[in-house]
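All remarks here apply to the structure that follows.
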Amino acid sequence: MLPYTATAIESFNKLVPLAPEERTQLTSLLRNRRNLRPRATLVERGNPQSNLLFILAGWVAEYRLLANGKRQILYIGLPGEVVAAQDLFYPSALLSIEALSPCVVASIDVSSLANEGPSLSKLRDALILGAVRRNAILQEWMISIGRRTGFQRVAALLIELTVRLRMRGLSSGNSTYCPLRQQDIADATGLTGPYVNQILKKMRRVGWLDIVNGCLVIKSEALLIKAAEFNADYLKFPRSEVALKSWTNRDPLSAQEKSVQQIG
């Protein structure tokens, strides 16, 4: 297997179980890759986007830069995740994407997928589930920015990232790789850099966490979870197979749609 591919394959396998031949086929699709240095641009807003982008290694930020120079990060992509999929349905990219750390990114030209065989249905299902999970994450971020205090926002973000990494086997114990700068945290939580600095100092002072040389050390996870009112249920897929089977096998027209059509 190519370097860095295992994380992406296992991430897909957790969403939709893959047979050995499907793993092989997905591996072949991930051969076209590029390396990015930290803070390099992967996607620029406004440019046409025709590729599915798989993060094989590293962290990326999807963001919108406003006219006043302020940046809002709307998603942090981790190894094994797909980013910019929504841009395939628009004339140009809706968001810019920047590498937060050294990254390896594989790209798949969607026009080439038509001839890749039956395992494409599994790829489609995994992309659907990934989009559902991403939407749940965006909803949680919206709740944070709209109703949580600054302290809770930072705590919820750091706990969420830790949980997502653990689910991919990329973090164990209380220590996690974290390339985020204070301004990145500020741009993801709608706060200012100096305020985030104050929050992190308070968290260090009470002994809840520390960030040193790109390493996040959570010393009191239970207290952070309680303070942030964090619940990780939105990161799980307990009914994925049932939901997909119901969706893919459903009658294209629901009973309500049929009645409306008959009335028309």
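List of remarks:
- Unique match (being under 16 Å from residue 232 (Cβ atoms), in contact with a helix residue (DSSP H, G or I) (Cβ under 6 Å, 6 or more places away or on another chain), modelled with pLDDT of 95 or more and acidic (Asp, Glu)) among 140, 160: 140
So that you can scan it fast, the table gives a plain yes or no per residue for (1) closer than 13 Å to residue 8 by Cα; (2) of a type in the set (D, E, K, R); (3) in contact with a Lys or Arg (Cβ under 9 Å, 6 or more places away or on another chain):
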{"residue": "24", "(1), (2), (3)": "yes, no, no"}
{"residue": "31", "(1), (2), (3)": "yes, yes, no"}
{"residue": "44", "(1), (2), (3)": "no, yes, no"}
{"residue": "55", "(1), (2), (3)": "yes, no, no"}
{"residue": "58", "(1), (2), (3)": "yes, no, no"}
{"residue": "67", "(1), (2), (3)": "no, no, no"}
{"residue": "73", "(1), (2), (3)": "no, no, yes"}
{"residue": "88", "(1), (2), (3)": "no, no, no"}
{"residue": "110", "(1), (2), (3)": "no, no, no"}
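- Reported count of residues in the stretch 73-101, each being surrounded by fewer than 16 Cβ atoms within 10 Å (Cβ to Cβ) and closer than 23 Å to residue 235 by Cα, is 1.
- Conditions (1) assigned to a loop (DSSP other than H, G, I, E, B); (2) out of contact with any Lys or Arg (no Cβ under 6 Å at 6 or more places or on another chain); (3) more than 19 Å from residue 163 (Cβ to Cβ); number of the one not met by residue 93: (2)
- Pairs where the first residue, in the stretch 5-16, is assigned to a helix (DSSP H, G or I) and crowded, with 18+ Cβ neighbours inside 10 Å and the second is modelled with pLDDT of 85 or more and among the small types (Gly, Ala, Ser), C-beta under 6 Å, 6+ apart: 7/80; 8/80; 11/80
- For the stretch 102-123, filtered to residues that are outside any loop (DSSP other than H, G, I, E, B) and either loosely packed, with under 12 Cβ neighbours inside 10 Å or of a type in the set (Lys, Arg) (or both), the residue that is modelled with the highest pLDDT is 109.
- Scanning the stretch 52-71 for residues that are surrounded by 16 or more Cβ atoms within 10 Å (Cβ to Cβ) and not β-branched (Val, Ile, Thr) yields 52, 53, 54, 56, 57, 58, 59, 61, 62, 63, 71.
- Residue check, residue 124 of a type in the set (D, E, K, R), farther than 24 Å from residue 168 by Cβ and out of contact with any Asp or Glu (no Cβ under 7 Å at 6 or more places or on another chain): no
- Scan of the stretch 34-50 for residues that are in contact (Cβ under 8 Å) with a residue 60 or more places away in the chain, of a type outside the set (A, V, I, L, M) and closer than 20 Å to residue 76 by Cβ, ordered by number: 34, 35, 37, 38, 39
- Of all residues in the stretch 195-212, none are of a type in the set (Ser, Thr, Tyr), closer than 30 Å to residue 68 by Cβ, at pLDDT 95 or above and out of contact with any helix residue (DSSP H, G or I) (no Cβ under 7 Å at 6 or more places or on another chain).
- Only one of 47, 32 that is surrounded by fewer than 21 Cβ atoms within 10 Å (Cβ to Cβ), within 12 Å of residue 107 (Cβ to Cβ) and either of a type outside the set (A, V, I, L, M) or modelled with pLDDT under 90 (or both): 32
- Matching residues in the stretch 132-168 - criterion: being out of contact with any Ser or Thr (no Cβ under 8 Å at 6 or more places or on another chain) and small (Gly, Ala, Ser): 136, 146, 155
- Which numbered condition residue 136 fails, given (1) over 19 Å from residue 208 (Cβ atoms); (2) among the hydrophobic types (A, V, I, L, M, F, W, C); (3) buried (at least 17 other Cβ atoms within 10 Å of the Cβ); (4) touching a Phe, Trp or Tyr at 6+ places or on another chain (Cβ under 8 Å): (3)
The values are calculated or read from the model by the stated rules, or taken from the named source; none is laboratory data. Everything quoted here is computed from the prediction, not taken from an experiment. Because the Cβ atoms are built from the backbone with ideal geometry, glycine has one as well, and the counts that use them run over all protein chains shown.
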